[in-house]
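Trainee: Once you've had a glance at the structure underneath, I'll fire off some questions.
The values are calculated or read from the model by the stated rules, or taken from the named source; none is laboratory data. Remember, it's a predicted structure, so these values are computed and weren't measured experimentally. Heads up, the Cβs are rebuilt from the backbone with ideal geometry, glycines too, and the neighbour counts pull from every protein chain shown.
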Amino acid sequence: MNTKLIYVHDPMCSWCWGFADTYQQLVEQLPDEVEVKRLLGGLAPDTDQPMPESMQQMLQQTWQRIEQTVPGTRFNFDFWTQCEPRRATYPACRAVIAAREQGEQYDTMMTGAIQQAYYQQAKNPSDNKTLIELADGLGLDKNRFEQVLVARETQQQLLDEIATAREMGMDSFPSLLLDHHGRLEPVLVNYTDADAMIKQIESSLQI
């Protein structure tokens, strides 16, 4: 297709969780000629260091703000007492790539599973053990997933997607960009109104 809606996200981005339902509505209402292209933005590189207390407090405040901003969005704050938080989202991003390797449909399915685990079930998607359990729950080939998850090629694929997003100026998440016959136009993310985004996209398609 000559028209793509590029979606840049991170499965451990809390604002992406807040956007999840409206994003799904957006995808379902897109004109037939618009193909969705998903890219991983990679919020935070790998680290074994515990998350500083100040950052934990900041993220909890962000969760509270999202709950107030996006009606119906809820977070399970037990995560902060039941897990050992690390500022590392690359493992979760690699898990999406490893799932996608077994079928394109698993991109969104793994993203959703990570979000549910992180935000609803107080599990830590910075840990490969959690990610492998999620893959098994989705019915993926567990051994194949585990091998791809830690493969050098998977890390390179992630870095390539991050670079592609940055080159297009998409360095915050979630971000949307319409590529219509090579003309790039940012789509204003609306967390509560898919129709507003659809109207902008349809207007751009007329140009």
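Trainee: Check 128, 124 and return the single one that is polar (S, T, N, Q), surrounded by fewer than 16 Cβ atoms within 10 Å (Cβ to Cβ) and without any contact (Cβ under 8 Å) to a residue 60 or more places away in the chain.
Mentor: Numbers: 124 fails: surrounded by fewer than 16 Cβ atoms within 10 Å (Cβ to Cβ).
Exactly one residue qualifies, and that residue is 128.
Trainee: If I ask for residues that are over 24 Å from residue 47 (Cβ atoms) and assigned to a helix (DSSP H, G or I), which ones from the stretch 121-145 would you list? Explain how you work it out, then say what you get.
Mentor: Taking the stretch 121-145 first, the residues over 24 Å from residue 47 (Cβ atoms) are 136-144.
Across the stretch 121-145, the qualifying residues are 136, 137, 142, 143, 144.
Trainee: Read through the list (1) surrounded by 14 or more Cβ atoms within 10 Å (Cβ to Cβ); (2) farther than 13 Å from residue 92 by Cα; (3) of a type outside the set (Val, Ile, Thr); (4) in contact (Cβ under 8 Å) with a residue 40 or more places away in the chain, then give the number of the only condition that residue 138 fails.
Mentor: Condition (4) is where residue 138 drops out.
Trainee: If you go through the stretch 16-37 one residue at a time, how many are assigned to a loop (DSSP other than H, G, I, E, B) and either over 15 Å from residue 196 (Cβ atoms) or out of contact with any helix residue (DSSP H, G or I) (no Cβ under 9 Å at 6 or more places or on another chain) (or both)?
Mentor: Within the stretch 16-37, the first condition is being assigned to a loop (DSSP other than H, G, I, E, B), and the residues that meet it are 30-33.
Next, only the ones that are either over 15 Å from residue 196 (Cβ atoms) or out of contact with any helix residue (DSSP H, G or I) (no Cβ under 9 Å at 6 or more places or on another chain) (or both) stay: 31-33.
Within the stretch 16-37, residues that are assigned to a loop (DSSP other than H, G, I, E, B) and either over 15 Å from residue 196 (Cβ atoms) or out of contact with any helix residue (DSSP H, G or I) (no Cβ under 9 Å at 6 or more places or on another chain) (or both) number 3.
Trainee: May I pose another question? Search the stretch 188-207 for residues that are over 17 Å from residue 18 (Cα atoms) and assigned to a loop (DSSP other than H, G, I, E, B) and pair each with any residue that is among the aliphatic types (A, V, I, L, M) and at pLDDT below 95 when their beta-carbon atoms are under 8 Å apart and the residues are at least 6 apart or on different chains.
Mentor: none
Trainee: Something else: Identify all residues within the stretch 88-107 that are at negative phi, assigned to a loop (DSSP other than H, G, I, E, B) and free of Cβ contacts under 8 Å to residues at least 12 places away in the same chain; write none if there are none.
Mentor: Restricting attention to the stretch 88-107, the residues satisfying the condition of being at negative phi are 88-102, 104-107.
From the residues that got through so far, the ones that are assigned to a loop (DSSP other than H, G, I, E, B) too are 88-89, 101-102, 104-105.
Matches in the stretch 88-107: 104, 105.
Trainee: Restricting attention to the stretch 46-87, and to residues there that are assigned to a loop (DSSP other than H, G, I, E, B) and touching a Leu at 6+ places or on another chain (Cβ under 9 Å), which single residue is nearest to residue 123 (Cα to Cα)?
Mentor: Among those residues, the one meeting the criterion is 85.
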